[in-house]
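Asks: What follows is a structure written as structure tokens; I'll ask about it next.
The values are calculated or read from the model by the stated rules, or taken from the named source; none is laboratory data. Since the structure is predicted, the reported quantities are computational estimates derived from the model, not experimental observations. Glycine also receives a Cβ, built like all others from the backbone with ideal geometry; neighbour counts cover every protein chain displayed. Side chains included, ligands, DNA and RNA excluded: accessible areas come from the protein's heavy atoms. Shrake-Rupley method; radii C 1.70, N 1.55, O 1.52, S 1.80 Å.
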Amino acid sequence: MGTVICPHATREFDRIKDNHATLASTGCTRDFCQGGRIIHTDEPRVGENRSIESVEHDAIGFLQELHRDGFFPSEDAFQERVKRALYEIRAGAVEGIIRETKEHGLIGGNWLQTPAEIEFGIRRSWRNARKCIMRSHCEELTLCDLRTVTSSAKMAVELVKALNKAFNDGNIQPTVFVFPPRTPNNRGPMVWNDQLLTFACYEQADGTLLGDPKNVTFTKELLELGWVPPAKKTRFDLLPVVVMAEGDLPVIIELPANLRKLIEIRHPRYQEAFEKLDLKWAAFPALSRLGYDIGGVQYTATPFIGWFMDAEIGVRNLADFFRYNVLPDVVKVMGLADAAMATAEVDSFEDLPEFEKLAALSRAQSELNYAVQYSYIREKVTMSDSLTASIKFQRYDDEYQKKHGYRLPSDPFWVAPPQGSIVPLWHRGAAPNYQPKPMICRHVQDPSKAWKRERSGWPLAAAKFFSAANM
């Protein structure tokens, strides 16, 4: 008996292919699904050499997408733009090792995109981000064009200026800061931090960790670069930012105080308990080790400031057992397990039956998440709650399907908020999991390792230090 294929799914996939010139791998095959993995084995990357045919294909596909959206005033203007782009790709082509085939060949060069084309590209890349729930805001995304910046020192200076403007005293304007694209056979400019605001993690003498465990390796790398931590270390010490232009030394920059100000997490109904917890978090997220793949041009340094959704902090960053793991402390200071412990006649939370622990931890998670949202509202810093974000995304996705005949790409493992079935998006199945270009993706190289490979070529190489106060 032959394979039975759902006609609706087949028609939907045909529409997707008809509307997207390039579909990148999602990492899944007939035999193996990588949907639950953060990093897929064959996911597209920036920072890699690609054949001239591949670059030309992506450039034409991107320009066709612009044309479908009415970007060019006429067919002649569109054809002339394609002709110019292909000329530049061929003029900049060089010999090298192509990553996909691992063979020597002709690598496609870059073509110069206009600011309007890049802004279209970053907005469309965000719309195509399968794991992101905030995509209904993609048309609000602003380009900060920093492509003329070619030194690490200038990267640091211009990034601070632009970040201040986008943060806007808490009324955040979602912005991508785009530095020059990589050139063939080179790594391109890079930012070492995965977030511009991220917390240190120190290994203590007794083997315990102080700070955010996800940054233990990055903290060591910064110490090796010469960063000096505060004399009195805490679990919420913000790390400096490290930027590195193509062909230049890394520069370490301390952001100004207004950008480093932390939001103190407080609860209006449990004030004393949350003062004892003394929890804090950064005012805004700014993903900074992801790049943009737009029409075959690879932008490897593109920090992206937006705003937090409550659950990112209250359910994940502060609560995950492999991050700050604060829920047991919340249970304790709020006395959420006291009655259960008295009934069970045990002296420790750990000795309670599992269902009692789950009830106490669930309550702690809910109150912590509420406290996070309350605290950002109190400080007048933009934040979205999970329910609103879910409703907006569902509405945006429905409108997209009505217009195009298929849904936005969605990885269901990631796009639904972590609160589970109480958020309607959790129940939304059958979304196609595909990956169009242009897209946001990781760099093929680790910046610290890239620098260590390059360092031998620099006499007396050392990172430079900048302070925002001296700019």
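Asks: At what distance in nm do the modelled label points of residue 224 and residue 97 sit from each other, each positioned 7 Å from its Cα along Cα→Cβ?
Replies: In this crude label model, residue 224 to residue 97 measures out at 2.1 nm.
Asks: Still on this structure, please answer the following. Distance from the Cα centre of segment 144-182 to that of segment 71-95, in angstrom?
Replies: 28 Å
Asks: Whole percent per 10 Å bin, from 0 to the bin with the longest distance: what is P(r) over all C-alpha pairs of segment 251-374?
Replies: Binned Cα distances yield the sequence 12, 33, 26, 15, 9, 3, 0.
Asks: A further question follows. Evaluate E = 1/(1 + (r/R0)^6) for residue 362 and residue 14, where r is the Cβ-Cβ distance and R0 equals 45 Å; express this FRET efficiency to the nearest 0.05.
Replies: Values: r = 44 Å, r/R0 = 0.98.
With R0 = 45 Å, the Cβ-Cβ based efficiency is 0.55.
Asks: Would you mind pulling out the separation of the Cα centroids of segment 361-385 and segment 271-347, in Å?
Replies: Taking the Cα centre of segment 271-347 as reference, the centre of segment 361-385 is 10 Å away.
Asks: If you don't mind, there's one more thing I want to ask. Nearest 5 percent is fine: what portion of the DSSP beta bridges confined to the chain is antiparallel?
Replies: 75 percent
Asks: While we're here: What's the Kirkwood radius of the chain in Å, using all Cα pairs?
Replies: About 24.3 Å for the chain.
Asks: Want the number for residue 325 to residue 145: 0.36 nm per residue separation, take away the alpha-carbon distance, what's left?
Replies: Going from the current span to full extension adds 60.9 nm.
Asks: Now for a separate question. How much FRET efficiency would the formula 1/(1 + (r/R0)^6) give for residue 76 and residue 30, where r is the Cβ-Cβ distance and R0 is 30 Å, rounded to 0.05?
Replies: The calculated FRET efficiency here is 0.10.
Asks: Using a 1.4 Å probe, how large is the accessible area of residue 426, given in Å² and rounded to the nearest 10?
Replies: For residue 426, the solvent-accessible surface is approximately 140 Å².
Asks: Also: Please get the size of the charge dipole for segment 264-321, origin at its Cα centre, with Cβ charges of +1 on Lys and Arg and -1 on Asp and Glu, quoted in debye to the nearest 20.
Replies: Value, rounded to 20: 20 debye.
Asks: Give me the accessible area of residue 120, 1.4 Å probe, in Å² rounded to the nearest 10.
Replies: So the heavy atoms of residue 120 present about 30 Å² to solvent.
Asks: Please label the shape of segment 167-252 as rounded, prolate or oblate, based on the square roots a ≥ b ≥ c of the eigenvalues of the alpha-carbon gyration tensor (a/c under 1.5 means rounded; beyond that, a/b larger than b/c means prolate, else oblate).
Replies: It comes out oblate by the Cα gyration axes.
Asks: So, one more: Please report, in debye to the nearest 20, how large the charge dipole of segment 288-352 is about its Cα centre when each Lys and Arg carries +1 at its beta carbon and each Asp and Glu carries -1 there. Don't jump to the answer; show the numbers that get you there.
Replies: On the way: 4 positive and 10 negative charges, 102 e Å.
My answer is approximately 500 debye.
Asks: Turning to a different aspect of this structure: Among 181, 125, 171, whose Cα lies farthest out toward the positive end of the dipole of segment 103-182, if unit charges sit on the beta carbon of Lys, Arg (+1) and Asp, Glu (-1)?
Replies: Sorting the options by dipole projection puts first 125.
Asks: With +1 assigned to the C-beta of every Lys and Arg and -1 to the C-beta of every Asp and Glu, and no other charges, what is the dipole magnitude of the chain about the Cα centre in debye, to the nearest 20?
Replies: So the dipole magnitude of the chain works out to roughly 740 debye.
Asks: Could you provide, to the nearest whole Å², the per residue accessible area of the chain with probe 1.4 Å?
Replies: 48 Å²
Asks: Here's a follow-up. Kindly provide the Kirkwood hydrodynamic radius of segment 17-172 in Å, to one decimal, from all pairs of distinct alpha carbon atoms.
Replies: It is 18.4 Å.
Asks: Computing the accessible area with a 1.4 Å probe over protein heavy atoms, can you report the carbon and sulfur percentage for the chain?
Replies: Details: 11990 of 22570 Å².
Solvent-exposed carbon and sulfur of the chain make up 53 percent of the total.
Asks: Would you check segment 206-309 for Lys pairs whose C-alpha atoms are within less than 22 Å, ignoring same-chain pairs closer than 8 in sequence, and give me the count?
Replies: Close lysine pairs under the 22 Å cut-off: 14.
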